[in-house]
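Report on the structure given below.
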Amino acid sequence: MSLRSFSEPKTHFEIVPSGSPPSVDGLAISEPKYLQCSECGARVRIDGPEGHKTTIDNLPHDRDCPQRGVASRYYEERFVR
């Protein structure tokens, strides 16, 4: 099984800034807070150094999202093959 790579030109994701003051979430207003799918809006929080690393593989896409099969090579090699 071969998944589509997150680096293909047809895949689109965005980094969403905090948008709130540090007193709300500990992040500056313009500091990255979420990794988001541009198709279905699925998002995961971008963790700091003390948390695990957030990747494209963690996005909980909608069932009908065209980017649901997008994954990193690491994920594919480790969990799919």
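The values are calculated or read from the model by the stated rules, or taken from the named source; none is laboratory data. Note that this is a predicted model, so its numbers are computed, not measured. Every residue, glycine as well, gets a Cβ built from its backbone with ideal geometry; the counts of neighbours run over all protein chains shown. Surface accessibility is based on the protein's heavy atoms, side chains included, excluding ligands, DNA and RNA. Shrake-Rupley method; radii C 1.70, N 1.55, O 1.52, S 1.80 Å.
If you go through region 26-41 and keep only what is over 20 Å from Glu76 (Cα atoms), surrounded by 14 or more Cβ atoms within 10 Å (Cβ to Cβ) and hydrophobic (A, V, I, L, M, F, W, C), you end up with Leu27, Cys40.
Residues of region 26-35 that are touching a residue at least 12 places away in the same chain (Cβ under 8 Å) and small (Gly, Ala, Ser): Ser30 alone.
A count restricted to region 41-65 and to residues that are at pLDDT 90 or above and within 15 Å of Arg4 (Cβ to Cβ) stands at 2. Out of (1) open to solvent by 50 Å² or more (accessible area, probe 1.4 Å); (2) touching a helix residue (DSSP H, G or I) at 6+ places or on another chain (Cβ under 9 Å); (3) at pLDDT 90 or above, the odd one out for Ser2 is which? Failing condition for Ser2: (3).
Pairs meeting the criteria (first residue in region 5-25 and farther than 19 Å from Glu76 by Cα, second residue of a type in the set (D, E, K, R) and open to solvent by less than 40 Å² (accessible area, probe 1.4 Å), beta carbons under 8 Å, at least 6 apart or on different chains) are Val16/Lys33; Pro17/Lys33; Ser18/Asp25; Ser18/Lys33; Gly19/Lys33; Asp25/Lys33.
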